[in-house]
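Structure first, commentary second.
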Amino acid sequence: KEYNGPVIGKLNKLKAENMPVVMNDFYKKPLVLHQGRMQWLFDHEGKRYLDLFAGIVTVSVGHCHPKVTAALHEQIDTLWHTTSIYRHPKIYEYTEQLASKFPGDLKVVYLVNSGTEANDLATILARAYTGNYDIISLQSCYHGNSSSLLGLTATQAYRFPIPAPPGFYHAMLPDPYRGIWGGCRDSYSQVPGACSCPGDCDTSDKYIHQLNELLENSVPRGRIAAFFAETIQGVNGAIQFPKGYLRKAQELVKKYGGLYVADEVQTGFGRTGENFWGFQNHGVQPDIVTLAKGIGNGFPLAAVVTTKEIAEAHKKAAYFNTFGGNPLASAVGKAVLDVIEEENVQQNSKQVGKYFIEQLMDLQKKYPVIGDVRGQGLMLGVELVKAGTKDPLNVEGVADILEMAKDLGVMIGRGGRWNNVLRIKPPMCINKGDVDFAITVMDTVFKSYTENH
Ligand code: PMP
């Protein structure tokens, strides 16, 4: 009913040999997408899918959201591009509005084009400010894929067999489900079974001890420029940290001269529901925050937000960025923020996310192939295992499950170290009816999988 585009005919074979695309097709029967409307996608034959992955957590307020589309149209007809050597009101309005979303001194905004570029700039800022070189991130993290970030990103699947740049270290991942010290299964959710530790979760101290060891025994002179961490790991499958970990990590790292860089590329803009930024859920105030993906609802836009004091140190050399936050990108970014405010998007993430995770936990009781359900707001993970064990479900099994769900009209993401975590991070406009539909499909899929394996 909502599909109003032309049906472009059956595409029997799309020639891919000229495309240097690194990713493999997600599905065995590749999906050819044609149109998007809010939480819905339509393929080339007009078949409708509920999008639970949002172009990898990027379509924040909905595909072709009318207000964002209108803002883009208006700007396209007026002026596309200026570069940062000239002034344009949209860029000022946008950066002011974005900065107003941050607590404390986080008021200086650099507009760039991608998450990789944002994290790259964050490494330069941290090094310029502290005068230190070394950087620590967490095992299995993903922060980008430029040659300089090949050391920062730890997840093996994305590391080329070439020497990573020096100066990067990876601390043990404080993963309550698979980490050697266990910990609370679900530290920050508002759902039954969430962490009930009265204060910080005890296990956080053990991981902090290991971080301390790394600083004392591995990092030369024990001086670092920065500690990078997402506030819920995204690519690695919605890994939440034990309560207190991030706060204690920041305190510790500060003693060794380092800044805390919060990568909010996936967790920002109200996705976790409780707060606008994921770091607020942990009670921390980062020194630098990096943003991308959902910031532009699919338009290439990213940002680094920091304090005046840190930005001052960056003036040691000139900084120039041709496209970063040009009028088109700023018009889109501004419209996205307006929509988040006007349509109570964060509140929706909280309410619908809570409902979603509760339904997923009910499914977990029925199907032993579901090892863990976790996450917060609309940043959820469902870890699949061989029934009755913690062994990751094999990739073929996961692929079958994803394929069946897609054939029944629900697109789900995938991630985690063993590629066995279903990633549920939809456009934040989904409603409870959509969740019911998704759960019905997942129920059917898990039933069929369980009966046939
Ligand atoms: N940080 C995180 C947490 C990400 O998930 C990603 C992308 N998956 C990036 C950074 C890099 O963003 P981009 O692909 O825009 O370079």
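The values are calculated or read from the model by the stated rules, or taken from the named source; none is laboratory data. Predicted model, so just to flag it, every value in this text is computed and none were measured. Cβ atoms come from the backbone with ideal geometry, glycine included; neighbour counts cover every protein chain shown.
For the range 194-217, the set of residues classified as modelled with pLDDT under 95 and touching a strand residue (DSSP E or B) at 6+ places or on another chain (Cβ under 9 Å) is empty. In this entry, N113 passes the filter for residues that are at pLDDT 95 or above and on the phi < 0 side of the Ramachandran plot. If the condition is being within 25 Å of I239 (Cβ to Cβ) and part of a loop (DSSP other than H, G, I, E, B), then the range 422-453 contributes K425, P426, P427, M428, I430.
The residues of the range 216-241 that are more than 16 Å from the ligand (Cβ to nearest atom) and either surrounded by fewer than 23 Cβ atoms within 10 Å (Cβ to Cβ) or closer than 15 Å to D263 by Cα (or both), listed by number, are E216, N217, S218, V219, P220, R221, G222, R223. The residues listed here are V108, V61, V112; of these, the one that is away from the ligand (no atom under 16 Å from the Cβ) and crowded, with 21+ Cβ neighbours inside 10 Å is V61.
Would the range 90-110 turn up any residue that is among the aromatic types (F, W, Y), closer than 28 Å to V235 by Cα and in contact (Cβ under 8 Å) with a residue 24 or more places away in the chain? Walk me through it before giving the result.
Kept after step one, since they are among the aromatic types (F, W, Y), are these residues of the range 90-110: 92, 94, 102, 110.
With closer than 28 Å to V235 by Cα added as a condition, the list becomes 102, 110.
With in contact (Cβ under 8 Å) with a residue 24 or more places away in the chain added as a condition, the list becomes 102, 110.
Checked the range 90-110: at least one residue is among the aromatic types (F, W, Y), closer than 28 Å to V235 by Cα and in contact (Cβ under 8 Å) with a residue 24 or more places away in the chain.
Go through the range 395-419 residue by residue and tally those that are part of a loop (DSSP other than H, G, I, E, B) and free of Cβ contacts under 8 Å to residues at least 40 places away in the same chain. Number satisfying all stated conditions: 2.
Looking at the range 42-88 only, could you name the residues that are in a loop (DSSP other than H, G, I, E, B), within 24 Å of the chain's Cα centre (by Cα) and more than 27 Å from F320 (Cβ to Cβ)? Lay out the reasoning, then the answer.
First pass over the range 42-88, keeping only residues in a loop (DSSP other than H, G, I, E, B): 44-47, 52-53, 58-62, 64-65, 77-88.
So of that shortlist, the ones also within 24 Å of the chain's Cα centre (by Cα) come out as 52-53, 58-62, 64-65.
Across the range 42-88, the qualifying residues are L52, F53, V59, S60, V61, G62, C64, H65.
Is there a residue in the range 346-357 that is closer than 22 Å to G144 by Cα and at pLDDT 95 or above? No, that holds for no residue. Residues in the range 115-127 that are away from the ligand (no atom under 11 Å from the Cβ) and either assigned to a loop (DSSP other than H, G, I, E, B) or not β-branched (V, I, T) (or both): L121, L125, A126, R127. What about V265, is it modelled with pLDDT of 95 or more, among the hydrophobic types (A, V, I, L, M, F, W, C) and in a loop (DSSP other than H, G, I, E, B)? Yes, satisfied.
If you go through the range 128-153 and pick out every residue that is more than 12 Å from the ligand (Cβ to nearest atom) and surrounded by 19 or more Cβ atoms within 10 Å (Cβ to Cβ), you end up with 7.
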